[in-house]
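Here's the structure we're looking at; comments come further down.
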Ligand code: ADP
Ligand code: MG
């Protein structure tokens, strides 16, 4: 490809993200100052390594934007080599690679990205090397450039952009500040943009002088962000302060954080915060920012980090995350995959150590982080393996168990005929209150499991743990699942049951209710409504998937009559007025299940008042 058509192509393909030119030029300037530090230490240049800085200067009248640094600078040879040859060929390579691709997203194109917004670019530079001469370079976007002796008298580089007419937004103060804030907020040397007013004492002020409003350099960045410090040097308050720095608009405090600090087998630092998630797991997404050596890359980490990790917030920084590539490339990048896996491991390890070291505190946090852990277990096999050891189930009495602890506790009392351990859960503490209380009465442990992922989590646990079955607490009466109660003799014989069944069927909608008997304690309710666990799950799943075979089936329930309840003696002996009482008892069961509505409810209320009279 000839260089002639590079700039139109650069413009066209990068249109969606013109603003990154500033990230590229500022990070080049920062690199130049870092080189001064390195070379002054090695003695190659004479410099104390102090007062290095970058300045961004907008001049609306001249329509120029200047990025100035007092870094290493360039000699004429270096401009020839790094700008004319290397940077140019880099741009060419880029265009070659992407000219046919439909890619929108983040690109870094280095120095030449300046031509996305500038019709002309000038360089004034003076190298830090002994006896260096200033160099001037100018290019208007055509392959012809000018190089001659320059005017700079302090070592460093000015990159001067003559902003194109269609890009004048990049001269607006707010726009520039916004871009710097996004990409450069944590770069390692001070970046100045304009001035700001501050109340303080003048430098030559005396003790008794009052503070006055003084103009000072406006430094937009924090050069030593918390994630680069040693965890041992940071207090909990430091972490919270850094959180506020990252999310000035968020009022919630994070629950806790994980400080990642690895230098082998790759370099990875960062701080991940656990927000208070409660049961919503969508709202918080896209709050992790990826950095490469303190240069912001992206906060759209979907498909880059495992999905469940995107519920967290914070910063991940690694020089191994490539800067100059597209998002789709990032997903495929081997380093990025390794980093993702490592972060997953770190998060699991941290949770495990919290679980081990302070179980009560971990339990206190559970309501806020449970959904994250469940989601992680469902979507990431590796995480499941680790999290199974600290993932908790919360009982109706606010006790917390791991699955292992719970099965150990109930293995004798909650076993069904086939020897499966039956774990009872309620998905709604209010709606299923009666059933929960009844189960507790029998001495069963009931788990409260009410998040949006419940159905999926249950299915996963059943698949992974053979011999364990979950049943909703209002599923087929608990006594049928559990050996203990099955031994209760029934007060009714088969003939009586048949008679009674026919009688009861006249009182309910036969299409909807299947009448059956259970031998419960005489003290328990005469009727209870249950729903087949399998059918209910299937219907719920079809509803989520928008219909399907099971979704088209009508709701069906069991009307379970407690064969040992004294009421049925009376029915069989046809005692006066029992039919009304039976109807009333059935309605009470329906009411407890939230199924008594409309006309039936009105009739029930009326009948109840009559009974009071
Ligand atoms: P990269 O930064 O990936 O090397 P760039 O296209 O951004 O690619 O820059 C090309 C080269 O130009 C840099 O490697 C550096 O040698 C030189 N350069 C660019 N900007 C500056 C600057 N402000 N000071 C000194 N050298 C610079
Ligand atoms: Mg660069």
> If we only count helices (runs of 4 or more DSSP H) wholly inside region 339-447, which ones have 3 or more residues that are in contact with a helix residue (DSSP H, G or I) (Cβ under 8 Å, 6 or more places away or on another chain) and modelled with pLDDT under 95?
Replying inline: 359-379, 433-441
> Considering only region 56-85, how many residues are surrounded by fewer than 19 Cβ atoms within 10 Å (Cβ to Cβ) and either within 21 Å of residue 188 (Cα to Cα) or within 16 Å of ligand 2 (Cβ to nearest atom) (or both)?
Replying inline: 7
>> I'd like the full set of residues that are surrounded by fewer than 17 Cβ atoms within 10 Å (Cβ to Cβ) and either touching a strand residue (DSSP E or B) at 6+ places or on another chain (Cβ under 6 Å) or part of a helix (DSSP H, G or I) (or both), limited to region 46-55.
In response: none
> In the set 206, 276, which member is assigned to a loop (DSSP other than H, G, I, E, B) and either surrounded by fewer than 13 Cβ atoms within 10 Å (Cβ to Cβ) or at positive phi (or both)?
Replying inline: 206
> Among the residues of region 210-245 satisfying the criterion of being under 26 Å from residue 55 (Cβ atoms), touching a residue at least 60 places away in the same chain (Cβ under 8 Å) and in a helix (DSSP H, G or I), which is nearest to the chain's Cα centre (by Cα)?
Replying inline: 227
> For residue 135, are the conditions met, namely being away from ligand 2 (no atom under 15 Å from the Cβ), at pLDDT 95 or above and crowded, with 21+ Cβ neighbours inside 10 Å?
Replying inline: yes
>> Can you say whether residue 552 is in contact with a helix residue (DSSP H, G or I) (Cβ under 9 Å, 6 or more places away or on another chain) and modelled with pLDDT of 75 or more, as far as the supplied structure shows?
In response: no
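Looking at the structure I just gave you, is residue 16 within 33 Å of the chain's Cα centre (by Cα), more than 16 Å from ligand 2 (Cβ to nearest atom) and either part of a helix (DSSP H, G or I) or modelled with pLDDT of 90 or more (or both)?
Values: within 33 Å of the chain's Cα centre (by Cα): yes; more than 16 Å from ligand 2 (Cβ to nearest atom): yes; either part of a helix (DSSP H, G or I) or modelled with pLDDT of 90 or more (or both): yes.
Considered against the rule, which asks whether it is within 33 Å of the chain's Cα centre (by Cα), more than 16 Å from ligand 2 (Cβ to nearest atom) and either part of a helix (DSSP H, G or I) or modelled with pLDDT of 90 or more (or both), residue 16 comes out as yes.
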> at pLDDT 90 or above, touching a helix residue (DSSP H, G or I) at 6+ places or on another chain (Cβ under 7 Å), more than 14 Å from ligand 1 (Cβ to nearest atom) and outside the structural domain of residue 302 (by TED's automatic domain parsing): does that describe residue 117?
Replying inline: yes
> Hey, among 176, 159, 123, which residue is more than 17 Å from residue 82 (Cα to Cα), buried (at least 21 other Cβ atoms within 10 Å of the Cβ) and either modelled with pLDDT of 95 or more or not assigned by TED's automatic domain parsing to the domain that holds residue 315 (or both)?
Replying inline: 176
> What number of residues in region 312-338 are modelled with pLDDT of 75 or more and in contact with a strand residue (DSSP E or B) (Cβ under 7 Å, 6 or more places away or on another chain)?
Replying inline: 9
>> Return the pair list, or none, for Cβ contacts closer than 9 Å from residues in region 190-203 that are free of Cβ contacts under 8 Å to residues at least 12 places away in the same chain to residues that are part of a strand (DSSP E or B), at least 6 apart or on different chains.
In response: 201/212; 201/214; 203/214
> Which condition breaks for residue 539 when tested against (1) part of a loop (DSSP other than H, G, I, E, B); (2) surrounded by 14 or more Cβ atoms within 10 Å (Cβ to Cβ)?
Replying inline: (1)
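Can you name the residue in region 29-45 that is more than 15 Å from ligand 2 (Cβ to nearest atom) and in contact (Cβ under 8 Å) with a residue 60 or more places away in the chain and, of all such residues, is surrounded by the most Cβ atoms within 10 Å (Cβ to Cβ)?
So, considering only residues that are more than 15 Å from ligand 2 (Cβ to nearest atom) and in contact (Cβ under 8 Å) with a residue 60 or more places away in the chain, the one surrounded by the most Cβ atoms within 10 Å (Cβ to Cβ) is 36.
The values are calculated or read from the model by the stated rules, or taken from the named source; none is laboratory data. Here the structure is a predicted model, which is why all the values come from computation and not from measurement. Backbone-built Cβ (ideal geometry, glycine too); neighbour counts: all protein chains shown.
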